[in-house]
Structure formats: C-alpha cells, structure tokens
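Down below is the structure, laid out as structure tokens.
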Amino acid sequence: MTNPDLTLGAVLVLLETREQQITAEQETVRAQIAELSAQLTELEQEAASVTTTRQTLLALPDPEPAPPTTPAPIPPDAPAYEQILAVLTARTDRYACEASAKKSAWS
C-alpha cells in the first residue's frame, strides 16, 4: 500500500461499499431485463398472430367479381316517378290531340 493513510480496515470498508453498489446495480439491471423479457414475449406473440392472419388471408381464394347490378325500380311514391309519369301523360295527351285533329281534318 502506497498511501500511508489507508489502513487495511479502511480498504475493507471501501471494498464493502463498492460491493454493495455493484449488488444494487445488478438488481436494477435484472429488473430491467425482466421487464424487457416480458415486452419481448408480448411482441413475439403479436408477431405470431399477425403472421397467422397474413397466411390465412393469403390462403383464401380470390373473390369472384360481383355481377353488374341493375338500378332499383323507382317506387311509385318517389318524386321522379311522378315527374316521369307527368311527361308521359303530357305526350300521350298531345298525341291524342294531334290524332284527333288529323281525323277531324280528314272528315
């Protein structure tokens, strides 16, 4: 020992203090390892679930294209139905008037 102030007892106290610090750090690191291990396990389970889902979807057959749909008929109470009916009625009336006029002109 080069320092005359350090006695064997003082060195042993310093070593014991350092040993306690190392033990505390070990416990902290072990706790961190346990937490990280739990997180890793959760991520591994989620990755396995995603892989299974992807493989299942890839195994499904491609869906058939939907057949073309025809427009639904306009129900009689719809405003468009009334408008179409009015136009057709007006044309029918006009044709009837024209036919009547032609008939009376020939008579």
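Principal-axis analysis of the Cα atoms of the chain puts helix 8-59 at an angle of about 20° to the longest axis.
Taking Cα centre as origin and charging only the Cβ of basic (Lys, Arg, +1) and acidic (Asp, Glu, -1) residues, the dipole magnitude of the chain rounds to 1320 debye.
Using Cα atoms only, what is the angle between the long axis of helix 79-106 and the major principal axis of the chain, expressed in degrees (0 to 90) to the nearest 10? With rounding to tens, the tilt is 20 degrees.
The fraction of Cα-Cα pairs per 10 angstrom bin, counted from 0 for the chain, comes to 10, 11, 10, 10, 9, 9, 8, 7, 7, 6, 5, 4, 3, 2, 1 percent, rounded to whole percents.
Here, each number is a calculation from the coordinates, and none is a lab measurement. From a predicted model like this one, the values you see are computed outputs, not experimental measurements. Virtual Cβ from ideal backbone geometry, glycine too; neighbours counted across all protein chains shown.
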